[in-house]
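Below: one structure, written as structure tokens.
The values are calculated or read from the model by the stated rules, or taken from the named source; none is laboratory data. Quick caveat, the model's predicted, so the values are computed rather than measured. Cβ placement follows ideal geometry from the backbone for every residue including glycine, while neighbour counts extend to all protein chains displayed. Surface areas here come from the heavy atoms of the whole protein model, side chains and all, with no ligands, DNA or RNA. Shrake-Rupley method; radii C 1.70, N 1.55, O 1.52, S 1.80 Å.
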Amino acid sequence: MGVMSYTLSADQAEALKVISHWYKNQTAPYLTLGGYAGTGKTTLIAYLRQALRQRDEDSRVAFCAFTGKAARVLTDKLREQKVPRRGDSVSTIHSLIYTAESDARGQVINWQRKDELDYDLVIVDEASMVDQAIWDDLLSFNLPVLAVGDHGQLPPVGSSFNLMAAPAVRLEHIFRQAETSPIIEVATMARTSGQVPVGEYGPGVRKLSRRDSDTGQTVQDLLEGAGADQLVLCGYNHTRTKLNQAIRGYRDYDSPLPQSGDRVVCLRNNRKAKIYNGMTGHISYLTGAENDPDKLWYYASIRLDNEDYDYEGYVLRGQFGAGETLKSLPKNPDGAPGDLFDFGYALTVHKAQGSQARRVLVFEERFPRSSDEDWRRWLYTAVTRATDELVIVGE
């Protein structure tokens, strides 16, 4: 059954009306659309794309997301509903608006903004992840931009800029089909009350009590089997560090030092290197840095997940297993700021935004100073990373 066979909900129909009026009249350079999990954001976008095609057969839409991981998720969702048309593109924002500049060795040394984009509309998914500098660059092309995200999720870390802080258009009615999903059921509990009782919610979806004698063995089994299709999430960095140590132990890494093949996560933005907080990947190779008598740095090549390029550069040795992101950094052997990576088998929920996995294991950890709203957003963001299976460990 095609997407156009479905009947839009009342708030979807109203949202489509507002978006169509905005696009037709160009009343503002951009419009923000927020929607909770299960409210049909992708279905609405499919209707919008069809409406644009009916108005202009040759219309071109650029769909994009901030990271390669988020772009892959977006690609899967759009293809499932047969949204993209001939001439459309689905990519990261970087691939859409920047061109790589390379040195004589073929290494990327900078990213230059393109002169123009040949599209009629840009639709940005997971828009809350976008920082202000890239947003400003995107708007500079003077194309209408529809920013889409989930306004129930956590805001960006360390930034006051958040496109989903107060979206102009909102989808908040959860579809009946989605209501039968145990993950959506748990997500709705998390978002509305911040409480998910211990129990079974459906095949592969459950909450375990930390106090139950069987929970420890279940968690160990899940950690031993943690692979590319599983996210392990927690709140505290010190918990993340312990979980990473445990998972590396299960994989027979006999050294606390990073090695070839280790899974890693980026902890600090570096626009020049095109790496951003929360990006994950695997170490291809790692060597001691030349001209580094104090042995503060590794020179690393990292295969980034779902990106069409690798990272290569200096990464700080002392960050691996440090438990928190280091603030005061020495200069790397080239005299420039180096980069921060740590083991990435387990992530904090903030680092996992934009990611999804077939199975997610969540350790509930509430910060003492977090408000009830902050906690609801944290838990909701955590559980909505799962597509099929979800295990929460808590009280």
| message | Being at pLDDT 95 or above, within 21 Å of the chain's Cα centre (by Cα) and open to solvent by less than 40 Å² (accessible area, probe 1.4 Å): is that true of VAL130 here? | response | no
| remark: Screening VAL122, VAL83, VAL90, VAL157 for residues that are more than 16 Å from LEU31 (Cβ to Cβ) and touching a strand residue (DSSP E or B) at 6+ places or on another chain (Cβ under 6 Å) leaves only VAL90
| message | What's the number of the only condition in (1) open to solvent by 30 Å² or more (accessible area, probe 1.4 Å); (2) in contact with a helix residue (DSSP H, G or I) (Cβ under 8 Å, 6 or more places away or on another chain); (3) farther than 20 Å from TYR119 by Cα that LYS82 fails to meet? | response | (3)
| request: Being free of Cβ contacts under 8 Å to residues at least 60 places away in the same chain, touching a Ser or Thr at 6+ places or on another chain (Cβ under 9 Å) and over 20 Å from ASN110 (Cβ atoms) narrows it down to one of SER301, SER255, SER284, so name that one. | output: SER284
| request: Using the structure shown, decide if VAL315 is more than 22 Å from SER102 (Cα to Cα), open to solvent by less than 10 Å² (accessible area, probe 1.4 Å) and modelled with pLDDT of 95 or more. | output: no
| Out of the stretch 220-252, which residues are in a helix (DSSP H, G or I), of a type in the set (A, V, I, L, M) and in contact with a strand residue (DSSP E or B) (Cβ under 6 Å, 6 or more places away or on another chain)? | LEU222, LEU243
| Between residues in the stretch 228-247 that are in contact (Cβ under 8 Å) with a residue 40 or more places away in the chain and residues that are surrounded by fewer than 18 Cβ atoms within 10 Å (Cβ to Cβ) and of a type in the set (Phe, Trp, Tyr), which pairs lie under 7 Å by C-beta distance while being six or more apart or on different chains? | GLY235/PHE367
| said: So, THR215, is that one touching a Ser or Thr at 6+ places or on another chain (Cβ under 7 Å) and among the hydroxyl-bearing types (Ser, Thr, Tyr) or not? | reply: yes
| task | Scan (1) touching a helix residue (DSSP H, G or I) at 6+ places or on another chain (Cβ under 9 Å); (2) crowded, with 18+ Cβ neighbours inside 10 Å for the single condition ASP137 breaks and write down its number. | result | (2)
| request: Please work out if ASP229 is acidic (Asp, Glu) and closer than 29 Å to ARG268 by Cα. | output: yes
| query | Would you say LYS272 is part of a loop (DSSP other than H, G, I, E, B), open to solvent by 30 Å² or more (accessible area, probe 1.4 Å) and under 25 Å from ALA65 (Cβ atoms)? | reply | yes
| Within the stretch 290-302, is there a residue that is among the aromatic types (Phe, Trp, Tyr), crowded, with 18+ Cβ neighbours inside 10 Å and under 26 Å from ALA357 (Cα atoms)? | no
| Within the group SER209, SER181, SER213, which residue is touching a residue at least 12 places away in the same chain (Cβ under 8 Å), more than 27 Å from ALA147 (Cβ to Cβ) and open to solvent by 20 Å² or more (accessible area, probe 1.4 Å)? | SER209
| said: Kindly evaluate ALA187 against the criterion of being buried (at least 20 other Cβ atoms within 10 Å of the Cβ) and under 22 Å from the mean Cα position of the chain (by Cα). | reply: yes
| Residue satisfying all of: in the stretch 102-115; open to solvent by 70 Å² or more (accessible area, probe 1.4 Å) and closer than 24 Å to ASN142 by Cα; modelled with the highest pLDDT among these | ASP115
